[in-house]
Every structure is written in C-alpha cells, then in structure tokens.
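Worksheet for the structure shown next.
Every number here is computed from the coordinates shown, using simple stated rules; none is lab data. For clarity, every value in this text was computed on a predicted model and none was experimentally measured. Here the Cβ positions follow ideal geometry from the backbone for every residue, glycine too, while neighbour counts run over all protein chains shown.
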Amino acid sequence: PSPQDTQSLPPGPAATAPSTPPILRLADSERHPRIDGDLSDPVWAKATPLGELTQVEPLIGGAPSERTEVLLCHDSRALYIALRCFDSDPAGIRATQMQRDANLDPDDRVEILIDPFLDRRNAFWFQIGAAGSLGDALITRNGASFNKPWDGIFDGRARITPEGWQAELEIPFATINFDPAQTAWGFNLRRFVRRRTEEIRWASPDPRISFFWVANAGTITGLEGLHQGLGLDVAPFTVGRATRDHDTDASDTDLQVGTDVYWKLSPNTKLSLSLNTDFAETEVDERRVNLTRFPLFFPERRDFFLEDSGAFLFGGSTEVIPFFSRRIGLDRNREKVPIDMAAKLTGQTEGWNFGLLDAQTGDTSSGYGRNLFVGRVSRNILGQSDIGAIWTQGDPASDDRATTVGTDLNLRTNEFLGHDTLRWNSYVLKTDNEGAGSRDLAWGARLTYPQDQVNWNLGTRTLEEDFDPRLGFVARTGIRQHDGSYTWRPRIGGLLRQYETRATTNWITGVDGDTQSFELTLQPLGLLFESNDAVRLRLDTLREVLLAPFDIQSGVTIPAGDYSFERATLLVETSDRRDLSFEGSVSVGEFFDGDSEEWSGALSWRPSGHFLASTEFQRTDARLSGGSFTVDIVRLRFAVLATNEISWSNYAQWDSVSGALGWNSRLWWIFRPGTQAWLVLNQGWGSGPGFAPDSTEVALKLGTTLRF
C-alpha cells in the first residue's frame with residue numbers, strides 16, 4: 001500500500017466533513033494470551049472490543065458486507081489484538097501470501113496504525129493477512145513517508161475457519177518507542193475483503209482521508225504500567241561466505257562476526273550501532289538498462305539504513321536528495337565497500353526532531369576507508385508543519401573535502417477548505433566541495449493538493465552547475481525545472497468505479513533559460529473498474545535538446561540537435577485479487593530522429609499461499625538515423641513457502657545488453673521473532689555461448705536479537 005493512495009467521492013451527502021475520530025479505553029490483562037490464532041483463550045473474554053467498523057469502499061459510509069470483531073488488551077510488556085473476520089463465503093477468502101513482509105494487496109488482510117506519542121505525525125504500522133503473512137512499516141510526517149522495509153519484532157498467527165478467518169497479534173512495547181507517561185495513543189484499523197475490493201475502517205472512514213494520515217486516527221487510552229526493560233537490543237550475527245571466480249578459477253572463503261545494537265536512551269531517543277556491518281540477506285537490485293543521459297536511481301534496501309530513515313528526510317523532494325544512504329558502503333557502480341562501523345542517533349524531544357549518522361568505511365583495493373557524517377534537525381511548528389536543516393560531511397568516492405548544508409520548510413494542514421489537505425515543501429541547499437566552482441546552490445518548492453476527486457501539484461527547482469551533494473543524489477544539474485500535474489477522478493458507479501483523466505507537464509531549461517527538455521502528458525482515458533481492473537491511454541509530446549552527441553547504445557549515436565516527437569501509450573492492468581493477474585503496456589511513436597516501440601508485461605500467478613511466481617518482460621525496439629537497436633530485459637521470480645516462517649525465494653534476471661544472467665536464491669528461516677537464518681546463493685553466467693558460469697557466491701548468515 002502507498003500513503004498517497006486515495007479514492008474520490010461522489011457528490012452528495014457522503015461528501016460531508018468527516019466525523020470526529022473515536023476514543024476507546026483498553027483493558028489491562030493480568031496474563032497474556034497464547035499467540036496461535038485460536039481465540040478461545042480466556043483472556044479475550046475480558047478484552048475491550050474496538051467497536052463497529054464502517055465501509056470506505058465501495059459503498060462510502062455504508063455497513064460492512066461482513067462482520068468484524070476486534071478485541072484489544074495489554075499487560076506490562078505488550079499490546080494484544082484479536083481479530084474475528086467473519087465471512088459468509090470462506091471459500092472466497094483470498095489467502096495467497098504467507099511470507100514475512102509480502103505484498104498483501106492481493107489478499108484479505110487487516111492493517112493497524114499505532115501512534116504511541118499521540119503527536120499526530122508519526123506512527124508504527126502492522127498488518128496480517130488471512131494466510132498469516134506479517135508486515136510492518138514506519139510512517140512519518142503524517143503519511144508523507146511510508147518506510148515498508150523497516151522490520152520490528154512482533155508475532156502473529158492467522159487461521160481460516162468455517163466462519164471466516166481469525167488472527168492474534170502480539171506487539172511488544174520493546175519494539176515501539178513510547179513514553180510511559182503518555183497513556184493515550186493514536187490508533188486506527190482497517191480490514192480488506194479482497195474479492196469485493198471492500199475496505200472498512202474504525203476511525204475516519206472517509207475515502208478522502210488516507211489511512212496513513214496519522215492526524216486522523218482515533219485514540220485508545222488506559223495504556224498504563226507499561227515497561228520495555230532497559231530498551232536495549234543486541235543483535236549479534238555470524239556470516240560464512242564462499243566465492244568463486246570461474247574465469248580465473250580463484251576461490252575464497254570468509255567468516256565474519258558482527259553485531260547491531262539498538263538502545264533506547266530515553267522514551268523518544270534511540271542509539272543504533274552496527275559493527276562489522278553485513279547485508280548478505282539483502283535482495284539484489286532490479287536490473288535495468290539506461291536509455292537516458294542521466295544516472296538511474298536505485299532505492300536503499302539495507303535494514304540498518306532503513307531503520308529510522310524518516311529522521312533524515314529533507315524538503316519533500318524525490319529528485320534532490322542531499323543525503324542518500326546508498327552512498328555509504330556502495331560505490332557508484334553499486335559494488336560493495338566494507339563498513340567497519342556505523343552509528344546513528346535519532347529521536348524527538350520537546351518539539352525537536354533530530355538524526356545523526358556517522359559511518360567508517362573499510363579499506364579497499366582502490367583506497368583507504370573514509371569517514372562519512374550526516375546531521376539532520378527539524379522543529380515542529382503549526383500543528384503538522386516543520387522547519388529544519390541538514391549537514392553532510394565526506395565523499396565516499398574520494399578523499400576530497402565535501403560538505404552539503406541546507407534548510408527546508410514543510411507546511412501541512414488537514415483543514416484546508418474545512419477538511420482537505422494542502423502541503424508546501426521548500427528548501428535551499430549549498431555544496432562546498434574541494435576544487436569545485438562557486439555556482440553550487442540548489443533551491444526548490446512544491447505545492448500539493450492531494451485530494452481524491454481533484455489532485456494537483458506545482459513545483460519548481462533550480463540546481464546550479466557546480467551543485468554536487470557527494471553523500472546525496474541528483475540526476476542532473478545546471479538546470480531550472482518547472483513541473484505540474486492535475487488529476488480528476490469522478491466516481492461513476494456500477495461496474496466503473498472511477499473515470500480518471502490527467503495532465504502533467506515538465507519543463508527543464510539551463511540556468512540561462514534555454515530549453516533542454518519538455519514533456520506534456522495527457523491521459524484522456526482512464527477507466528478504473530469496480531473489479532480493480534484498469535485501462536489507461538496516455539499521449540506524450542516531448543522535446544529534447546542535445547548539446548552534445550548522445551551514445552544511447554553501443555554503435556548508435558544521436559547527433560546534437562533539437563528534437564521534438566510524439567508518442568502514445570496504452571496501459572492495461574488486471575486485478576491481483578485473482579490467482580492470475582497481468583500488467584502490460586505498449587508505447588509507439590517518434591523517438592528523437594526516428595521511431596520506436598516499447599512493450600512491457602508482468603504476469604503473476606498465486607495459486608496458494610505456498611507458491612507464487614511472476615515474470616516480467618521489457619523490450620525497446622528503436623530505429624534511428626545513427627542505427628537501430630533492440631534492448632530486452634527478462635525477470636523471473638518464484639517462491640516456495642513451507643510455513644509462515646520458512647520460505648525459499650528466487651529472482652533471476654537477464655538483459656540483452658550485457659548478455660549476462662543472474663540468479664539470487666534465498667532460503668529464509670525465522671526460528672522465532674528476532675532469531676533467523678539465511679542461506680543465500682548469487683550465481684552469475686556470462687554472455688558467452690551456453691551461458692558459462694562466471695561467478696558464484698554462497699553465504700550463510702545466522703542472527704538473533706537479545707532483549708534487555
């Protein structure tokens with residue numbers, strides 16, 4: 001799910017202002033239930049019922065099609081939640097995902113939001129599916145950031161019964177930050193009945209209000225006598241690794257020991273320390289072929305850097321990032337650089353938010369290790385807004401002096417025009433790098449109206465020629481960029497849930513004002529069906545000014561010049577509530593001084609909770625004056641799940657440019673929450689005849705968490 005996902009309202013009485021979020025007082029239990037999915041435990045007879053849920057989709061404000069009972073209680077160490085999800089057709093329950101942190105969009109599921117500080121800004125998010133898959137995330141800035149890769153220690157079990165499906169959850173207080181003096185927490189819960197594309201919710205059951213908007217959650221009280229011990233988690237690990245280079249027939253083995261330490265110094269301040277850091281279990285990046293003049297962005301996947309990453313968010317921009325944690329421990333070719341030590345201090349106190357991170361990388365064949373630092377601080381203002389600053393020090397690719405400093409202002413309100421949301425994000429940044437020029441500023445602003453029926457945003461940014469955040473990410477500099485989008489999604493009714501039309505524009509000039517790129521995209525047709533199937537037609541008008549020749553592929557060069565071209569794209573998506581689902585697109589039209597076709601397709605098969613498979617294919621076929629080329633990318637995933645705790649995941653990728661095939665295979669066994677093992681194989685085959693193997697890596701990682 002995305003914190004930006006919203007739906008549109010029909011005209012009429014349902015579009016009135018949302019009601020006041022509810023308040024509920026919890027019962028204190030003398031003993032804790034056994035977490036096994038069996039709700040016959042006597043503890044639940046004394047638990048507090050959450051109360052009625054209300055339908056959000058498809059019948060806004062209506063009674064749910066199926067009854068749901070939610071029970072809550074707590075003892076001194078954990079919050080316990082019981083779910084009875086009644087269903088008149090148990091055979092129709094979607095239960096295809098068993099693995100931890102799986103995408104549960106295809107399944108019946110329940111999601112829970114908890115705001116322990118009642119700051120109406122930040123929250124913990126948990127989910128459980130009908131097949132028992134567990135997931136969690138961190139929500140920051142009232143839903144502006146949704147950090148799904150975060151992993152907390154909690155437990156849950158689900159089972160399907162003749163009456164529907166039911167589940168139990170145990171969320172230890174040691175997993176979440178909280179203040180013992182704060183006995184009221186923000187809380188919300190929603191259930192999905194997938195075959196009906198139905199959502200029901202406890203607080204703020206209004207499709208204009210995203211579930212991830214923490215400010216609109218309800219409140220639970222009575223959270224007294226809670227303890228989290230010393231707040232100290234020590235997570236030692238051992239990694240054994242064997243590698244072989246088949247071209248040179250060289251082999252190597254390595255045994256590594258390290259630890260991660262997480263210490264809650266106070267209810268809202270946490271120190272994180274990683275020694276001899278290792279990320280053997282992290283999935284490989286998605287393979288791509290770059291057909292642009294600018295670097296591609298690959299997201300962070302490593303748990304240590306994802307933990308509390310919201311503390312370092314800056315300016316609300318996804319294109320100008322002063323601190324990008326992938327710069328630490330990975331070079332610009334995405335090759336690993338050892339991290340000897342990394343320390344992080346994050347927290348909030350009296351309206352201030354802060355994050356400090358320091359990392360020491362190890363020596364490599366190309367040079368000595370380097371120290372890298374980032375500091376971020378912000379001050380809460382005006383209810384949902386903040387003003388802050390950032391500072392980074394160090395260059396992971398050289399010993400040059402490199403500094404980035406900046407300030408940002410983020411204004412947010414959920415009361416614009418009575419009940420709508422309006423956001424303003426702005427920033428100013430400056431880099432100071434050894435040997436660089438003085439035109440090193442960047443600034444930008446964006447105004448966003450993220451509503452349902454009408455959704456628009458306007459943005460502008462300037463990046464001077466010498467702006468270069470060595471610990472951050474920007475795709476291009478020496479530009480001024482102005483962009484905007486407008487989306488209208490009226491609700492139709494019947495088989496067609498919404499009609500969607502959209503217009504977006506993006507104009508990029510040099511700092512001298514001369515156009516470098518222009519794009520106007522119109523979507524005259526967008527059909528979003530009640531079944532969750534969708535069809536969209538997109539028309540693009542583009543202009544690219546090349547100041548120098550561009551080698552788009554080996555042997556194919558586009559001459560410098562001013563190019564205008566038009567394209568059309570058809571996109572089709574079938575609902576993932578079915579065992580077999582498909583997403584595909586075809587794009588045709590002019591391309592620089594020639595033409596091209598682009599095809600993409602993704603087919604997913606989920607016959608049961610024990611097996612899933614998907615395949616993706618992308619092809620670009622271009623004919624230009626300087627030559628023709630075809631680029632293919634194929635990805636294949638399949639997973640076998642013996643239980644919720646034991647899974648075998650596989651990811652194979654091939655592209656026609658490198659001609660190389662790669663396979664990442666991971667066996668993951670969760671012995672108990674916080675104690676797990678991974679057996680990982682990375683196998684590569686070269687582009688020669690018969691796909692001869694060129695590299696093999698096998699790693700076994702064992703880890704546990706000791707809680708004090």
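Need the list of lysines near residue 336 for cross-linking: C-alpha distance under 26 angstrom, and skip anything on the same chain fewer than eight residues off.
148, 344, 701
Hey, how much of the P(r) for region 114-202 falls beyond 17 Å, as a percent of Cα pairs?
Roughly 57 percent, rounded to a whole number.
Hey, of (1) 43; (2) 56; (3) 40, which did the structure itself give for percent of Cα pairs over 37 Å apart when calculated?
(1)
By how many nm would the segment from residue 27 to residue 379 lengthen if fully extended, with 0.36 nm per residue of separation less the alpha-carbon distance?
Here the answer is 123.2 nm.
Using only Cα atoms, locate the centre of region 236-310 and the centre of region 364-399, then give the distance between them in Å, rounded to an integer.
So the two Cα centres are separated by 19 Å.
Fewest first, what order do 275, 104 take by the number of other Cβ atoms within 10 Å?
Neighbour counts put them in this order, fewest first: 275, 104.
Between residue 266 and residue 282, how many nm apart are label points set 7 Å from Cα along the C-beta direction?
In this crude label model, residue 266 to residue 282 measures out at 3.1 nm.
Show the residues, 5+ positions off or on another chain, whose built amide H is closer than 5 Å to the amide H of residue 465.
478
What are the ³J(HN,Hα) values, in whole Hz, obtained from phi via the Karplus relation 6.51 cos²θ - 1.76 cosθ + 1.60 with θ = phi - 60°, for each residue of region 344-360 in sequence order, with x given for Gly and Pro?
With coefficients 6.51, -1.76 and 1.60, one gets 9, 10, 9, x, 9, 7, 6, x, 9, 10, 8, x, 10, 9, 10, 9, 10 Hz.
Sort the following peptides by mean Cβ neighbour count (other Cβ atoms within 10 Å, averaged over residues), highest first: 157-165, 340-348.
340-348, 157-165
Using the count of nearby Cβ atoms within 10 Å as a rough guide to exposure, how do 148, 701, 336 rank from fewest to most?
So the ranking, lowest neighbour count to highest, is 336, 148, 701.
In whole percent, what relative contact order does region 443-503 give with Cα contacts below 8 Å and a gap of six or more residues?
29
Using the Karplus equation 6.51 cos²θ - 1.76 cosθ + 1.60 (θ = phi - 60°), what ³J(HN,Hα) coupling, rounded to whole Hz, does each residue of region 668-684 give in order, writing x for Gly and Pro?
10, 10, 9, 5, 7, x, x, 10, 7, 9, 10, 10, 10, 10, 10, 10, x
Listing 585, 309, 438, 628 from the residue with the fewest other Cβ atoms within 10 Å to the one with the most, what is the order?
438, 628, 585, 309
What nm distance separates the two modelled labels at residue 648 and residue 683, each placed 7 Å from Cα along Cα→Cβ?
Distance between label points: 1.2 nm.
Quick check on region 33-140: take the gyration tensor over C-alpha atoms, sort the square-rooted eigenvalues as a ≥ b ≥ c, and tell me if it's rounded (a/c under 1.5), prolate or oblate.
It comes out rounded by the Cα gyration axes.
Based on DSSP H runs of at least 4 residues, each adding -39500 (n - 2.57), what is the mean residue ellipticity at 222 nm of the chain after dividing by all its residues, to the nearest 500 deg cm²/dmol?
0 deg cm²/dmol
With only alpha-carbon atoms in the gyration tensor, what are the semi-axes of the equivalent ellipsoid for region 560-649, in Å, largest first?
Semi-axes from the Cα gyration tensor: 38, 14, 8 Å.
Using 14 Å as the cut-off for backbone N distance, which residues of region 426-445 belong to the label zone defined by a point 7 Å from the Cα of residue 485 along Cα→Cβ?
Hits in region 426-445 for residue 485 at 14 Å: none.
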